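Structure first, commentary second.
Computed from the coordinates by the stated procedures, all read-outs in this text should not be read as laboratory data. What you see is a predicted model; the values in this text were computed from it and never measured.
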């Protein structure tokens, strides 16, 4: 396990270094994570609202049962049938407890829906902020690469006149590797 742990640590360090050198990629990854969180929050909201509708239907059904049993109790008492009225009262009391329990569940569910809605709004707001940061970072990067393009991307091929300047060659390789890694990240995010 030692070799695997060392290799894993090495990869994490390289990724951290790469992201530190390319902050726009970190922002893009953050934006993607926020988008996923927003989708999960919306899905949770949909599930919670479905549960709320189910509870409302159950409460309505219990309320209708209570009305039926209340009418039966009154009818049994009016006819002097306490042998039927007393068990019917116990059943009605049980239905009332069930209704109260469902009502409490619905109130808790409504509170959770409100909290989820607030969370979704916060995530959405943060995502918009990150999108602005990504746009700014990309604009800065585009401006920087446009300014340096005459000395890097449009430079003669490796092995020609730049072969005598190791610093320039190093910069070319760093840019090329950064672009390759960016493309790889884009492909991975697209999967």
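Here the average projected area of the convex hull drawn through the C-alpha atoms of region 38-138 stands at 6.9 nm². Length gained on full extension, residue 121 to residue 100, computed as 0.36 nm times the residue gap minus the Cα-Cα distance: 4.4 nm. Given a cut-off of under 8 Å on Cα pairs at least six residues apart, what relative contact order in percent is computed for region 28-147? Result for region 28-147 is 42 percent.
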